Amino acid sequence: MEMVWRLLQMETQAMQNKKQDKTIFKKLIKLFIPIFLELLLINLLSSVDTLMLSNYNKLCVNAVGTAQSTISLLTSLIVICSNGVAILVGQFLGAKKDKEAKDVLAQGVIFNLLLGILLFLIFFFLSDYLLKLVNTSDTFFEYAKTYIRIYAIALPFQAITHVVGADFRAHGKPIYLTIISIISNFINVGLNYLLIYGIWIFPELGIKGAAISTVVSLIFKTISIVILEIIIIKDKVFTFKVDKNILGSILKIGGPSALENISYTLFSFVLLAALNLLTDVEIGSRVFINMVLGYTLIFSSSLGNSNSILVAYYVGAHEYEKAKKLTLRVCLVGLGIMVSLISLLNIFGRPLFTLITNDKTYVDIIVKILPLLFILEIGRCTNIVIISAQKSAGDVIFPLVLGLLSMSIIMAGGSWLFSKTFELGLLGIILAQSLDEFVRGIVSFIRWLSNGWMKHSLIEE
């Protein structure tokens with residue numbers, strides 16, 4: 001009888017585990033779909049932007065590519081606070097501390113708004129210096145400068161959007177952010193069409209029109225998301241009162257992420273400087289490669305974001321094994337998707353890129369690089385899923401140290417070594433990026449299996 005009882009208990013436990021797995025999977029899908037749709041639409045409309053500018057003037061494509069790369073090197077800093085807000089809110093909600101979760105947002109908005117204003121001043125007044133620092137070609141220097149100075153106006157608004165959007169995701173309501181992003185991006189594309197080419201009553205502004213469209217759409221997005229935050233989540237968005245404890249907790253998580261992003265910024269400047277010494281055709285080829293890779297990246301990013309929200313909940317509730325098991329499954333799913341997508345890209349790469357640009361010189365360069373993308377995307381997918389989960393668990397120092405070592409030696413050093421010393425050009429730059437992502441992915445995966453991240457929860461048992 002005792003053996004029968006044990007077998008019944010084991011069978012009951014197995015059924016409960018299966019039921020829990022299905023529940024967790026449903027939660028993941030509920031988060032994944034709106035995040036995926038939002039990123040997909042952003043990429044689709046960004047591709048339309050690139051093609052519009054390409055038809056208008058190919059130098060504008062290079063200019064926007066360089067300008068956006070330069071902007072992203074510093075604007076990645078605004079993600080610092082939003083990461084801290086998302087993780088802290090998620091862990092508080094998991095620990096059933098709703099009041100503390102509501103107090104987090106306003107402190108994050110204060111910090112990010114000040115950072116956004118600082119970034120606006122840097123890009124508006126130091127655009128010449130920043131573009132020269134990355135060896136921007138004289139052929140499109142003025143175009144890139146124009147784009148950066150206009151785009152800078154949107155940075156304080158973008159900083160607020162990142163924090164409020166992080167709060168929506170942490171509360172498990174990314175669908176509202178998706179709807180606003182869809183409307184915002186359609187506004188961007190519509191204004192692009194009118195202002196780049198000068199349609200109807202609008203003047204023909206070229207690259208200025210592209211920048212103005214982006215600014216208007218980002219301001220609309222900020223106003224809309226703030227209104228919805230107040231109505232739906234009912235959190236206080238703006239406050240003049242600084243809560244040192246909450247802000248300290250945000251920065252405790254965001255601080256190491258800040259150093260990691262600053263490091264990535266510095267090392268990416270080195271990579272971008274090496275890239276801008278190449279030919280205009282190679283620079284343009286990288287823009288087209290990044291445009292297509294944006295569609296593979298959305299799978300990794302959506303899975304990583306969805307998983308990290310659930311990991312924060314589980315860590316806040318001290319259910320570490322659930323967090324571990326879920327992350328490993330999500331990582332394996334992501335890797336399967338990446339291998340499939342890059343295989344298709346290698347098979348159909350030439351006809352695909354011929355549709356994007358009819359210049360055979362660009363296509364020939366791109367096709368040679370496609371096999372390297374297996375290494376790049378497998379590493380990047382593992383990084384995004386595992387490192388996002390580590391940070392949601394409060395384990396932020398390890399990714400920082402790993403990033404400093406790998407990015408300085410492999411990404412920055414390798415980009416110059418392979419592209420200039422070994423004369424591999426753009427192939428060498430992509431190789432350096434691929435090896436950096438791959439090495440960090442392997443080390444992060446081993447760290448997750450070792451359970452070293454489990455002791456970093458911000459919520460005491």
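The values are calculated or read from the model by the stated rules, or taken from the named source; none is laboratory data. Predicted, not measured: the structure shown is a model, and the values here were computed from it. We place every Cβ from the backbone using ideal geometry, glycine too, and count neighbours over all the protein chains shown. Areas reflect the complete protein model, heavy atoms only, side chains present, ligands, DNA and RNA absent. Shrake-Rupley method; radii C 1.70, N 1.55, O 1.52, S 1.80 Å.
Need the failing condition index for Trp416 against (1) among the aromatic types (Phe, Trp, Tyr); (2) under 20 Å from Tyr314 (Cα atoms); (3) surrounded by fewer than 23 Cβ atoms within 10 Å (Cβ to Cβ); (4) at pLDDT below 90, just the number.
(2)
Quick test of your reading of the structure: Glu321 fulfils all but one of (1) within 24 Å of Val396 (Cβ to Cβ); (2) surrounded by fewer than 22 Cβ atoms within 10 Å (Cβ to Cβ); (3) in contact (Cβ under 8 Å) with a residue 24 or more places away in the chain. Name the failing condition by number.
Tallying (1) within 24 Å of Val396 (Cβ to Cβ); (2) surrounded by fewer than 22 Cβ atoms within 10 Å (Cβ to Cβ); (3) in contact (Cβ under 8 Å) with a residue 24 or more places away in the chain, Glu321 fails exactly one: (3).
Assigned to a helix (DSSP H, G or I) and open to solvent by less than 30 Å² (accessible area, probe 1.4 Å): is that true of Ile160 in this structure?
yes
Taking region 384-397 only, how many residues are in contact with a Ser or Thr (Cβ under 6 Å, 6 or more places away or on another chain), more than 14 Å from Leu293 (Cβ to Cβ) and assigned to a helix (DSSP H, G or I)?
So the count comes out to 5.
Looking for whichever is open to solvent by less than 40 Å² (accessible area, probe 1.4 Å), within 30 Å of Gly413 (Cβ to Cβ) and not in a helix (DSSP H, G or I) here; the options are Leu293, Leu272, Leu278. Which one fits?
Leu278
Suppose we filter region 92-102 for residues that are buried (at least 19 other Cβ atoms within 10 Å of the Cβ) and part of a helix (DSSP H, G or I); how many remain?
Residues flagged as buried (at least 19 other Cβ atoms within 10 Å of the Cβ) and part of a helix (DSSP H, G or I) within region 92-102 amount to 4.
Looking at region 199-241, which of the residues that are basic (Lys, Arg) and either open to solvent by less than 90 Å² (accessible area, probe 1.4 Å) or over 30 Å from Gln68 (Cα atoms) (or both) is modelled with the lowest pLDDT?
So in region 199-241, the residues basic (Lys, Arg) come out as 208, 221, 234, 236, 241.
Next cut, either open to solvent by less than 90 Å² (accessible area, probe 1.4 Å) or over 30 Å from Gln68 (Cα atoms) (or both) only: 221, 234, 236, 241.
Working: Lys221: 91, Lys234: 74, Lys236: 69, Lys241: 73.
Ranking the qualifying residues of region 199-241, first place goes to Lys236.
Among the numbered criteria (1) β-branched (Val, Ile, Thr); (2) modelled with pLDDT under 80; (3) open to solvent by 10 Å² or more (accessible area, probe 1.4 Å), which one does Val89 miss?
Single failed check for Val89: (3).
Which residue pairs have Cβ atoms closer than 8 Å, lie 6 or more positions apart in sequence or on different chains, and pair a first residue in region 329-358 that is in contact (Cβ under 8 Å) with a residue 12 or more places away in the chain and under 20 Å from Val287 (Cβ atoms) with a second residue that is among the polar types (S, T, N, Q) and open to solvent by less than 60 Å² (accessible area, probe 1.4 Å)?
These pairs meet every condition: Leu341/Thr296; Ile342/Thr296; Leu345/Thr296; Thr357/Ser54.
If you go through region 5-45, how many residues are at pLDDT 55 or above and not basic (Lys, Arg)?
Going through region 5-45 one residue at a time, the tally reaches 22.
Taking region 116-153 as the search range and keeping residues that are small (Gly, Ala, Ser) and in a helix (DSSP H, G or I), which one is surrounded by the fewest Cβ atoms within 10 Å (Cβ to Cβ)?
Ser127
Which of the numbered conditions does Asn305 fail, given that it passes all the others? Conditions: (1) closer than 22 Å to Ile429 by Cα; (2) under 20 Å from the mean Cα position of the chain (by Cα); (3) open to solvent by 20 Å² or more (accessible area, probe 1.4 Å).
Answer for Asn305: the failing condition is (1).
Evaluate the following for Val189: is it outside any loop (DSSP other than H, G, I, E, B), of a type in the set (Val, Ile, Thr) and buried (at least 23 other Cβ atoms within 10 Å of the Cβ)?
no
Does Thr178 satisfy the condition of being among the hydroxyl-bearing types (Ser, Thr, Tyr), open to solvent by less than 30 Å² (accessible area, probe 1.4 Å) and modelled with pLDDT under 85?
Here the answer is yes, as Thr178 does meet what is asked.
I'd like the residue in region 384-405 that is open to solvent by 10 Å² or more (accessible area, probe 1.4 Å) and of a type outside the set (Val, Ile, Thr) and, out of all such residues, is farthest from Leu93 (Cα to Cα).
Only one residue tops the list, namely Leu405.
Condition (residue is hydrophobic (A, V, I, L, M, F, W, C), part of a helix (DSSP H, G or I), open to solvent by less than 20 Å² (accessible area, probe 1.4 Å) and closer than 28 Å to Glu100 by Cα) applied to region 242-257: is it met by at least one residue?
Within region 242-257 (the criterion being hydrophobic (A, V, I, L, M, F, W, C), part of a helix (DSSP H, G or I), open to solvent by less than 20 Å² (accessible area, probe 1.4 Å) and closer than 28 Å to Glu100 by Cα), the answer is yes, since at least one residue qualifies.
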